[in-house]
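Okay, so here's the structure we're looking at.
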Amino acid sequence: MLRLSIVSDIGALAAIENDWADLLRRSSSPSFTLSPDWLLPWWRVFGQEANRTLKVGLFHRGERLIGLAPLLARPHRYHLALPFRRLELLGSGEDEKDEICSDYLGVIAEAGAEREISAALARALASDGFGPWDELLLPAMSGFDPLLGSLCTELSRTGLDVQLERVSGCPYIPLPETWEDYLAALPSSARYMVRRSLRDFAKWADGSERIERAERPDDVERGAAILRALHAERWNHAGGSGAFASERFTRFHAEVMPELGKKRELELLWLTVRGQPVAALYNVVKDGVVYFYQSGRSLDLPKGIRPGIVLHAHAIRSAIQAKCREYDFLAGSSRYKMDLALATRPLLTMRATRPSLVESLRKLGTTGLDAARVLRSRLRDHLAVAGAKTARAPG
């Protein structure tokens, strides 16, 4: 028999940090974004906003923790100001300007216990074990997570309307034995791009290039400052401000990065040429996977010089040498990610709702908005055709 307890106090949740981390290691989807090192700081930075209430479900068999549902409750309003009582995952739901963009969120289950945890969670949700709610929103879940299918099935069995939507993809590299094997696996155009980028950069740097790594606490602080500056340079040039312009985003990573460094799970690199930083890379290394999280690069460089590709190539080669199994670019379809990756993992959002008046009104409102958009589009097309005929008419 499973025993479910709901944790609503951050101190009580922090007290089981070791059990939580151990469960994550025993799961089939041990993403760093589901670790206490990521989600506890997230709550400390974002948990007091938007009337959030902690609702973390712990599933024990005897004294052994075999499942953890990192949920929170908060109010949410759709169009027409419809109020919804929402349950959603920790690590999600920030304001757009503050978004941490945590990929591979979800419910943690010991490998082999996914169906059991899914059934127990579905029963608890159906009986208001997490409190009253109108919708359950689980964003940014890996399409390869073995718990996903069983959770959809079990939630549907309780009478909930369950929707699953692909929202993005995460390009990644299943790492081979050697760097040359990796290059050989790339399409010819991508292989040429990597080799030319390395060759042109080496020629331009003329032996002055150096890759530095954050090894000590002081290094982390220095590397983070370089990363922020180069990230801002790139985004300012594009007319934006970049992620680190958000005070909450910056505060979150100022707490997370030193702790990752202490556990040897932070790969913070910067590339210098003639003593000047030209690119920086912020990776997280956990359980044999290198996750690319953030980067920055100088734009004051000759045309064709690609320090970002050079730094990624170094990190990929190092991951191969360290016998890591994957190099994951996380969500996004940027050209360089697609060029360097060898596969893509789908990223899905699950939404489950109970039959209710507010959900019926939401659907009705959505249908009305969609119809209005179609009508506006047809009207624009009609006016464009009419205008074209008028222009062709003899005068």
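Bear in mind that the values in this text are calculations on the coordinates, not laboratory data. Keep in mind that what you see is a predicted model, and the values were worked out from it rather than measured. A quick note on method: Cβ atoms are made from the backbone with ideal geometry, for glycine too, and the neighbour counts reach across all protein chains shown.
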For the chain, build the charge dipole from Cβ charges (+1 Lys, Arg; -1 Asp, Glu) around the Cα centre, then report which of 21, 246, 220 sits farthest towards its positive end. 246
Cα-based Rg/(2.2 N^0.38 Å) for region 176-324, rounded to two decimals, is 1.06
Site residue 233, offset 7 angstrom along Cα→Cβ, radius 14 Å on amide nitrogen, limited to region 246-277, gives 270-277
The chain - charge dipole about Cα centre, Lys and Arg +1 at Cβ, Asp and Glu -1, debye rounded to 20: 1340 debye
Can you tell which of 357, 176, 72 lies farthest toward the positive end of the dipole of the chain, using +1 and -1 charges on the Cβ of basic and acidic side chains (Lys, Arg; Asp, Glu)? 357
Gain upon complete extension [residue 51, residue 78; 0.36 nm per residue less C-alpha separation]: 8.1 nm
So, in Å, what gap is there between the alpha-carbon centers of region 113-174 and region 1-55? 17 Å
Here the net charge surrounding residue 304, from other residues whose Cβ is less than 10 Å away from its Cβ (Lys, Arg +1; Asp, Glu -1), is +2
Please report, in cubic angstrom per residue, the volume enclosed by the convex hull of the alpha-carbon atoms of the chain. 192 Å³
Any chance you could run the full-extension gain for residue 128 through residue 199? It's 0.36 nm times the residue separation minus the Cα-Cα distance, nm to one decimal. 19.5 nm
Which distance in nm do the two modelled labels at residue 333 and residue 177 give, with both placed 7 Å along the Cα-to-Cβ direction? 3.6 nm
Please state the relative contact order of the chain as a whole percent: Cα pairs under 8 Å, 6+ residues apart? 20 percent
About its Cα centre, what dipole magnitude does region 176-324 give when the only charges are +1 on Lys and Arg Cβ and -1 on Asp and Glu Cβ, stated in debye to the nearest 20? 320 debye
Euclidean distance of C-alpha centroids, region 290-326 and region 219-247, integer Å: 17 Å
Considering only 321, 205, 90, whose Cα is most displaced toward the positive end of the charge dipole of the chain, charges sitting on Cβ of Lys, Arg (+1) and Asp, Glu (-1)? 205
Translational diffusion of region 109-175, µm² s⁻¹ [Kirkwood Rh, Cα pairs; Stokes-Einstein; 25 °C; 0.890 mPa s]: 184 µm²/s
Skipping prolines and chain starts, which residues have an amide H placed within reach, meaning under 5 Å, of the one on residue 332, given they are 5 or more residues away or on another chain? 169
Ranking request for peptides 189-199, 287-297: highest mean number of other beta-carbon atoms within 10 Å first, then the rest in descending order. 287-297, 189-199
Pop out the ³J(HN,Hα) list for region 233-239 in order, Karplus 6.51 cos²θ - 1.76 cosθ + 1.60 with θ = phi - 60°, rounded to Hz; leave Gly and Pro as x. 4, 5, 6, 4, 5, 8, x
Cβ crowding within 10 Å averaged over residues, with 174-187, 298-311, 264-277, 22-35 ranked highest first: 22-35, 264-277, 298-311, 174-187
Using the Cβ atoms and a cut-off under 14 Å, what net charge is assigned to the surroundings of residue 64, where Lys and Arg are +1 and Asp and Glu are -1? -1
With no solvent term and unit scatterers on the alpha-carbon positions of region 19-149, Debye gives log₁₀ I(q)/I(0) at q = 0.11, 0.19 Å⁻¹ of -0.38, -1.14
With an 8 Å cut-off on Cα pairs and a minimum separation of 6 or more residues, tell me the relative contact order of region 176-324 in percent. 29 percent
Suppose the chain between residue 215 and residue 144 were pulled fully straight at 0.36 nm per residue; how much longer would it get relative to their current alpha carbon spacing? 22.2 nm
What number, in percent, do you get for the relative contact order of region 1-104 if the mean sequence gap of Cα pairs under 8 Å and at least 6 apart is divided by its residue count? 27 percent
If you place +1 on the Cβ of every Lys and Arg and -1 on the Cβ of every Asp and Glu, how big does the dipole about the Cα centre of region 108-196 come out, in debye to the nearest 20? 460 debye
If you take the beta carbon distance between residue 300 and residue 344 as r and set R0 to 45 Å, what does 1/(1 + (r/R0)^6) give as a FRET efficiency, to the nearest 0.05? 0.85
Quick check on the exposure proxy: order 16, 226 from fewest to most C-beta atoms within 10 angstrom. 16, 226
